[in-house]
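Contents: one structure, followed by commentary.
The values are calculated or read from the model by the stated rules, or taken from the named source; none is laboratory data. On a predicted model such as this, the values are computed, not experimentally measured, just so you know. Here the Cβ is made from the backbone with ideal geometry for all residues, glycine too, and neighbour counts use every protein chain on show.
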Amino acid sequence: MSRIFVFMLVVCVLHVGKAQERPQYSSSTFCLPVSDLVQATAWYQQLLGNVEHFSPAPGVVEFKLNDNTWLQLFEGTIGNGSIFRLEVADIQKQHSKLDKLGISPTAIELVPKVVSYFDFTDPDGNQLSFYKLEPQ
């Protein structure tokens with residue numbers, strides 16, 4: 001084997017190894033614009049239940065969804081095209097909860113051995129979804 005070939009093979013292996021490295025993220029924050037922060041905060045408190053929340057800056061409220069995930073609401077221009085999805089343990093229970101809150105979720109869709117889910121919107125039209133991974 002020529003030295004040039006061995007060198008090129010080593011460079012390719014090193015390059016492929018670097019391409020597959022992933023950054024290590026310690027937490028995630030998902031941000032949604034709302035038209036009225038006070039009303040949106042109350043609505044999300046009903047939706048999410050008893051989760052920690054606080055205001056880190058004027059015009060911003062953050063909900064701690066778990067140790068590493070935050071939902072941030074801010075007063076801003078309402079857009080469309082994004083969906084905020086949350087995994088839940090009991091999809092039927094969450095669907096029933098939304099019905100009781102007067103929120104109109106779509107029917108629960110099932111992709112066998114993959115996922116069940118339903119969609120709904122917040123009062124500002126932000127797209128939300130609850131899903132449950134299905135046993136394989």
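Data for the structure
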{"quantity": "Lone unmet requirement of (1) under 18 Å from the mean Cα position of the chain (by Cα); (2) closer than 30 Å to HIS95 by Cβ; (3) at pLDDT below 90 for TYR25", "calculated": "(2)"}
{"quantity": "Test: residue in the range 86-97 that is part of a strand (DSSP E or B) and under 17 Å from the mean Cα position of the chain (by Cα)", "calculated": "yes"}
{"quantity": "Scan of the range 82-105 for residues that are touching a residue at least 24 places away in the same chain (Cβ under 8 Å) and either touching a Ser or Thr at 6+ places or on another chain (Cβ under 7 Å) or loosely packed, with under 14 Cβ neighbours inside 10 Å (or both), ordered by number", "calculated": "SER82, ILE83, PHE84, ARG85, GLU87, ALA89, ASP90, ILE91, LEU101"}
{"quantity": "Any pair with Cβ under 8 angstrom, 6 or more apart, that starts in the range 29-43 at a residue that is touching a residue at least 40 places away in the same chain (Cβ under 8 Å) and among the small types (Gly, Ala, Ser) and ends at one that is surrounded by 14 or more Cβ atoms within 10 Å (Cβ to Cβ) and assigned to a strand (DSSP E or B)", "calculated": "SER35/GLU75; ALA40/VAL34; ALA40/VAL61; ALA40/LEU73"}
{"quantity": "Residue count, the range 42-56 (criterion: within 17 Å of the chain's Cα centre (by Cα) and assigned to a helix (DSSP H, G or I))", "calculated": "4"}
{"quantity": "The range 106-125: number of residues that are over 14 Å from GLN46 (Cβ atoms) and either in contact with a Ser or Thr (Cβ under 7 Å, 6 or more places away or on another chain) or modelled with pLDDT of 95 or more (or both)", "calculated": "9"}
